Amino acid sequence: MMARSITRRWASTATLLGLTAALLAACGSGGKPKPAELGPNPGLLGARQVWTAKVGEVGYPLDVQVTGQQVALASSDGTVLALDARTGRELWRASTKAKLSAGVGSDGQRTAVATQANEIVVFESGRELWRQKLAAQVVTAPFVAGGRVFVLSADRSVTALDGASGRRLWAQQRPGDPLVLRQSGVILAVGDTLVVGLSGRLVGLNPLNGQVRWDVPVATPRGTNDVERLVDLVGRVSRVGDSVCVRSFQIGVGCVDAARGTLAWTKPSSGYVGVHGDDRMVYGPESDGKLVAWNRSNGTQAWVSERLRYRQLTAPLALGRSVIVGDETGLVHFLSREDGSPLTRVSTDGSPIVAAPVVAGDTLVVVTRNGNVYGYAPE
């Protein structure tokens, strides 16, 4: 993996400088491989641009949050924005007045982000409701559900805050590792269980008190130093019913039965962004741009596409008959879910697509590093 893409994603609870030097040495001095030519756009699928909006430059691990027809997102400078996905109309706009480290979490009523000053800031209809200081940095978007705001911090702690007041309700702390990723982790709900990624483990917590209900290892540390032994689960996540499939950074992909708290399968996979899928398949890019499809039931590999190698892909979105990924040149690629063959592609502003594509109603939404937001009506 190229040094530029790795150093952008790491943070250390000790020193970032020493870690960066170690990574650069490990990556060597070779240049970035040249992506393969894409060829003519096959145009086998319609994807019409229906609106654009502007949020501001995005240089942090953004998660675009969809609730019904509302899309919530935020820029690096602390601008938080809610849009109507049907028209791109701005519903409200607010500011934290501080740079962001993570966002966005929302249940449609309350929207939460994290600042670089370790504050969780919550808005309601564009009005700041409260802010709460935490002890550690947050690089994963807060999870808002059940009248609460759940926060996964970089020190491997999980904190529950009251959604109306910001009052601390409980905290669950795991022993911290020397290094953590500066990249969005895993936090979601499955039924009445809060599911979080802690190092290489997927853990089910009681959302009322933080007690552990189950703990499943998806990946185990390996290597002889802190860099080689770092294990983290990264977003996005593919959830279908009780099946939760995740990526462990540069180690593998695996699926867990969240109802039973058992591991279904794991497979080796060298990638650094998350996965998505349907009831049949799980899709995810490798760090060199190969896109892989695994059978959800047992993890066997269904197909591999090498058409987008070395394009630094986002996590995918499975939608209709397509698997959709963005790349570092601002292109959005639609590939067949059956075999990975290209269906069509659309262009944005030429800057990297910075978040996994999302769908709200009938609209596909993508965001670029320059802060442009695009709504498409795919076939």
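The values are calculated or read from the model by the stated rules, or taken from the named source; none is laboratory data. Just so we're clear, the structure is a prediction, and the values are computed from it rather than from any experiment. Because the Cβ atoms are built from the backbone with ideal geometry, glycine has one as well, and the counts that use them run over all protein chains shown.
Of all residues in the range 108-120 being in contact with a Gly (Cβ under 8 Å, 6 or more places away or on another chain) and buried (at least 17 other Cβ atoms within 10 Å of the Cβ), which is nearest to W51 (Cα to Cα)?
Out of the qualifying residues, it is T111.
Mind counting the residues in the range 41-91 that are over 21 Å from E328 (Cβ atoms) and among the polar types (S, T, N, Q)?
Residues in the range 41-91 being over 21 Å from E328 (Cβ atoms) and among the polar types (S, T, N, Q): 6 in total.
Identify the residue in the range 321-340 that is assigned to a loop (DSSP other than H, G, I, E, B) and in contact with a Lys or Arg (Cβ under 8 Å, 6 or more places away or on another chain) and, among all such residues, is farthest from L62 (Cα to Cα).
That would be E338.
Among what's in the range 76-86 and is under 27 Å from Q49 (Cβ atoms) and outside any strand (DSSP E or B), pick the residue that is nearest to the chain's Cα centre (by Cα).
Initial filter on the range 76-86 (under 27 Å from Q49 (Cβ atoms)): 76-77, 79-86.
Checking which are outside any strand (DSSP E or B) leaves us with 76-77, 85-86.
Details: S76: 16, D77: 19, A85: 20, R86: 23 Å.
Ranking the candidates gives S76 first.
Sort out which residues of the range 191-212 are modelled with pLDDT of 95 or more, part of a strand (DSSP E or B) and among the hydrophobic types (A, V, I, L, M, F, W, C), and write them in order of number.
L194, V195, V196, L202, V203, L205, V212, listed by residue number.
Restricting to the range 82-113, name every residue that is free of Cβ contacts under 8 Å to residues at least 40 places away in the same chain and hydrophobic (A, V, I, L, M, F, W, C).
Selection gives L91, W92, A94, A98, A112, V113.
Among the residues that make up the range 343-355, is at least one of them part of a loop (DSSP other than H, G, I, E, B) and touching a Pro at 6+ places or on another chain (Cβ under 6 Å)? I'd like the intermediate steps shown before the answer.
Let us first name the residues in the range 343-355 that are part of a loop (DSSP other than H, G, I, E, B), namely 348-352, 354-355.
Add one more test, that the residue is touching a Pro at 6+ places or on another chain (Cβ under 6 Å), and what stays is none.
No, every residue in the range 343-355 fails to be part of a loop (DSSP other than H, G, I, E, B) and touching a Pro at 6+ places or on another chain (Cβ under 6 Å).
Among the residues that make up the range 300-309, is at least one of them among the acidic types (D, E) and more than 18 Å from the chain's Cα centre (by Cα)?
The answer is yes, given that some residue of the range 300-309 is among the acidic types (D, E) and more than 18 Å from the chain's Cα centre (by Cα).
With the condition being of a type in the set (V, I, T), I'd like the strands (runs of 3 or more DSSP E) fully within the range 87-190 carrying at least 2 qualifying residues.
Per the criteria, 110-115, 119-124, 148-152, 157-162, 187-190.
Taking Q172, is it farther than 28 Å from T314 by Cα and at pLDDT below 95?
For Q172, the condition - farther than 28 Å from T314 by Cα and at pLDDT below 95 - is met.
Just checking, does the range 261-270 include any residue being surrounded by 15 or more Cβ atoms within 10 Å (Cβ to Cβ), more than 21 Å from L202 (Cα to Cα) and out of contact with any Ser or Thr (no Cβ under 7 Å at 6 or more places or on another chain)?
The answer is no, given that none of the residues of the range 261-270 is surrounded by 15 or more Cβ atoms within 10 Å (Cβ to Cβ), more than 21 Å from L202 (Cα to Cα) and out of contact with any Ser or Thr (no Cβ under 7 Å at 6 or more places or on another chain).
In the range 219-236, which residues are touching a Lys or Arg at 6+ places or on another chain (Cβ under 8 Å) and part of a strand (DSSP E or B)?
Within the range 219-236, L233, V234 meet the criteria.
From the list L169, L198, L205, which residue is out of contact with any strand residue (DSSP E or B) (no Cβ under 6 Å at 6 or more places or on another chain) and of a type in the set (A, V, I, L, M)?
Going through L169, L198, L205 in turn, the sole match is L198.
If only one of V149, V139 is under 16 Å from the mean Cα position of the chain (by Cα) and crowded, with 16+ Cβ neighbours inside 10 Å, which one is it? Give the derivation first.
Details: V149 fails: under 16 Å from the mean Cα position of the chain (by Cα).
So the residue among V149, V139 that is under 16 Å from the mean Cα position of the chain (by Cα) and crowded, with 16+ Cβ neighbours inside 10 Å is V139.
What's the total number of residues in the range 271-288 that are without any contact (Cβ under 8 Å) to a residue 40 or more places away in the chain and crowded, with 22+ Cβ neighbours inside 10 Å?
Residues meeting the conditions: 2.
Return the residues of the range 232-245 that are surrounded by fewer than 22 Cβ atoms within 10 Å (Cβ to Cβ) and of a type in the set (A, V, I, L, M); say none if nothing qualifies.
Selection gives V240 alone.
Per-residue answers, yes or no, for (1) surrounded by fewer than 21 Cβ atoms within 10 Å (Cβ to Cβ); (2) free of Cβ contacts under 8 Å to residues at least 24 places away in the same chain:
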residue	(1), (2)
K290	yes, yes
G299	yes, no
W303	yes, no
R309	yes, no
L317	no, no
S322	no, no
V325	no, no
D339	yes, no
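List the strands (runs of 3 or more DSSP E) inside the range 237-298, counting only whole elements, that have at least 3 residues being in contact with a Gly (Cβ under 8 Å, 6 or more places away or on another chain) and closer than 19 Å to F334 by Cβ.
281-285, 291-295
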